[in-house]
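Please treat every number below as a calculation from the coordinates, not as lab data. What you see is a predicted model, and the numbers here were worked out from it, not measured in a lab. Virtual Cβ from ideal backbone geometry, glycine too; neighbours counted across all protein chains shown.
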Amino acid sequence: MQGAVTGLLDELDNKWDPTRKDQFINYTNLYTFYTIWFFGFVSGCRPIATPYVDLAEVSPISLMAALCDKAEEKMRPVWITDGLYRHMQYYSNYVERTNIYYSTAKPCWFLLEKGPPREVRKHLIEMFVHRYLPGFPANISRRWMMNGLWDSGCPPELVRAWAGHATAGNAFWARGATAH
């Protein structure tokens, strides 16, 4: 995983010419992918449509945000690290300054050669994951972090909370759930 992230960062660090449309599109898409991948590692966000929150939704004081990555009625709080928050600021500035900030409805998009930007979706994320980790699913960052938390001795209930998994009593279908 670390090699894949390093490969992506190396590609982003390569010199590119923003006046060349093909390079601008490629760079922007890589930068968007890096941003949502970084967000996925930190937040445990599932590979949903737009797996990211707008910077305006993150409290600059507590670095907390509400993440809806399963169903609208199942929002959960996520803690954004200092590093991710700074990166979200850079990405937000990039999007605004490059004039691809055309809608307040979505905080990030993938660009195409022709046509409007495409909403970030699981199959598009998977294309980029396969570029750096062939054969792995779009949610590999979530799985990698979850396993890392378990391997480091993090209590299982905290890992489940980080991942947004329901616990007994919160799950509608579980034995002992509040609906029974």
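Overview of results
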read-out: Inter-site label distance for Ser59 and Asp151 at 7 Å from Cα along Cβ, in nm; value: 3.3
read-out: The stretch 134-149 - phi-based ³J(HN,Hα) in whole Hz, Karplus 6.51/-1.76/1.60, Gly and Pro as x; value: x, x, 8, x, 4, 8, 4, 5, 5, 5, 4, 5, 4, 4, x, 5
read-out: Peptide ranges 130-141, 110-121 listed from the most packed, as the mean C-beta count within 10 angstrom indicates; value: 130-141, 110-121
read-out: Chain lengthening between His130 and Asp82 when straightened (0.36 nm per residue, less Cα-Cα); value: 14.5 nm
read-out: Solvent-free Debye scattering, log10 I(q)/I(0), computed from the Cα coordinates of the stretch 8-77 at q = 0.16 Å⁻¹; value: -0.68
